[in-house]
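These notes concern the structure reproduced below.
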Amino acid sequence: MKCRKCGAPAAINMREHKLALCREHFLEWIPEQTERAIHHYRMVERGEKILVAVSGGKDSLSLWDVLHRLGYAADGLYIDLGIDEGIAYSSKSRAFCEQFAARQGLTLRVVSVPETYGRSIAEATRLSTRGRKKPCSICGLVKRHIMNRVGREQGYAALATGHNLDDEAAVLLHNAMTWSGGYLVRQGPVLPASRPGLGRKVKPLCRIYERETAAYALMRGIDYIYEECPFSVGSSTLYYKDVLNRLEEDRPGAKLQFYLSFLQAKDGGLFALNASGEAELHDCVTCGQPTSAPGKCAFCRLWDSLAPALPLPQDGLREGDGGQGEMGS
Ligand code: Q46
Ligand code: ZN
Ligand code: ZN
């Protein structure tokens with residue numbers, strides 16, 4: 001297989017794009033695609049300060065690398081969760097982030113959860129007396145809180161995470177299985193700031209397959225932690241990723257289509273929900289029936305758009321109608 005751009009031997013074949021590229025052109029293609037997504041979804045402007053949440057894994061470190069190569073002002077944030085039982089996950093992943101930052105001359109901010117808040121994630125899970133009993137549920141909450149806090153205190157316009165297409169498609173499938181409207185409404189490449197002073201949340205790699213972020217990290221020589229967090233074992237996200245991989249195997253591009261058509265449907269008003277989670281309805285100005293768009297309902301808009309009607313016979317029925325009434329057909 002040859003690189004489509006230069007004819008050299010291809011280093012990667014992306015079946016979903018019917019595109020094979022050599023190492024050099026693949027390492028150009030990923031930043032180009034990322035830049036396109038940043039513009040398309042209006043994630044960040046040039047010159048805005050970005051805080052990248054890095055976990056030491058391939059996606060977040062690749063994202064930081066790509067943003068830096070594209071010329072964005074991106075600092076890293078490593079949240080040390082204190083998950084050091086067994087494989088010393090937190091210490092190892094922290095070391096990969098520190099090493100990356102030092103090599104590239106970038107600023108890494110580190111917040112240690114046990115040092116700052118007095119408890120590790122495992123301890124908080126053990127001690128939780130409220131509904132949250134699972135480490136990942138507590139961890140997600142803690143990470144969001146810290147990202148928002150550092151983002152606000154240090155004046156970052158955007159908080160970027162390394163979620164890739166596989167992550168997004170898996171979460172989407174999970175939420176669609178239960179039609180979790182509240183989650184579906186908020187899922188997307190950009191989550192606007194909910195309060196002044198808070199940064200918007202952006203996912204510049206949301207259209208890039210996981211296999212490609214891994215290939216990017218390898219080809220760029222980025223060292224990252226291969227092990228997963230021990231608490232991820234048996235997670236539903238891994239299960240849905242597996243299901244989608246099987247689908248992708250038979251139909252290359254299925255994952256991308258699933259995610260992009262969801263975003264399109266959302267833009268088209270599929271999830272036009274208000275804060276209480278219910279579709280906001282208005283009265284049609286013409287017929288009074290409920291409609292999701294202010295103004296006229298879809299029926300009235302359709303009828304308005306039809307060609308002028310032929311005059312009806314006086315009794316309201318045309319010859320040959322059979323007189324069956326309005327429900328007759
Ligand atoms: S770090 Fe935290 Fe993940 Fe570990 S405890 Fe769960 S959420 S699995 S991305
Ligand atoms: Zn090439
Ligand atoms: Zn609070």
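Values in this text are rule-based calculations from the coordinates and carry no lab data. For clarity, every value in this text was computed on a predicted model and none was experimentally measured. Glycine gets a Cβ as well: all are built from the backbone with ideal geometry, and neighbour counts include every protein chain shown.
When the helices of the chain are scored as -39500 (n - 2.57) per DSSP H run of n ≥ 4 and the total is divided over every residue, the value at 222 nm lands at -13500 deg cm²/dmol. When the C-alpha to C-alpha distance is required to be over 21 Å, the pairs from LYS143/LYS203; LYS201/LYS266; LYS92/LYS143; LYS92/LYS134; LYS143/LYS201; LYS92/LYS241 that qualify are LYS92/LYS134; LYS92/LYS241.
Quick one: work out the % antiparallel among DSSP beta bridges in the chain, nearest 5. Numbers along the way, then the final one.
Details: 9 of 26 bridges.
Here the share of antiparallel DSSP bridges comes out near 35 percent.
Legend: ranking of residues TRP179, TRP64 from fewest to most surrounding C-beta atoms inside 10 Å; resulting order TRP179, TRP64. Considering all C-alpha pairs of the chain, those separated by over 25 Å amount to 61%. This ranking places THR34, THR116, THR286, THR125 by how few other beta-carbon atoms lie within 10 Å of each, fewest first, which gives THR116, THR286, THR125, THR34.
Between 0 and 90 degrees, the angle of helix 135-153 with respect to the longest Cα principal axis of the chain falls at about 80 degrees. Does segment 126-178 come out rounded, prolate or oblate, given a ≥ b ≥ c as the square roots of the eigenvalues of its C-alpha gyration tensor, rounded meaning a/c under 1.5 and, failing that, prolate meaning a/b above b/c? It comes out oblate by the Cα gyration axes.
Taking other C-beta atoms within 10 Å as the exposure proxy, LYS134, LYS49, LYS203 rank LYS134, LYS49, LYS203 from fewest upward.
For a test of the definition: using alpha carbon positions, the gyration tensor, and the 1.5 limit on a/c, classify segment 195-267 as rounded, prolate or oblate. Since a/c stays below 1.5, the shape of segment 195-267 is classed as rounded.
Put simply, segment 81-223 fits an ellipsoid with semi-axes of 23, 23, 18 Å; these come from the alpha carbon gyration tensor as the roots of five times its eigenvalues, largest first. Between rounded, prolate and oblate, where does segment 221-260 land on the alpha carbon gyration tensor, with a ≥ b ≥ c its root eigenvalues, rounded for a/c under 1.5, else prolate if a/b exceeds b/c? Taking the square roots of the gyration eigenvalues as a ≥ b ≥ c, segment 221-260 is oblate.
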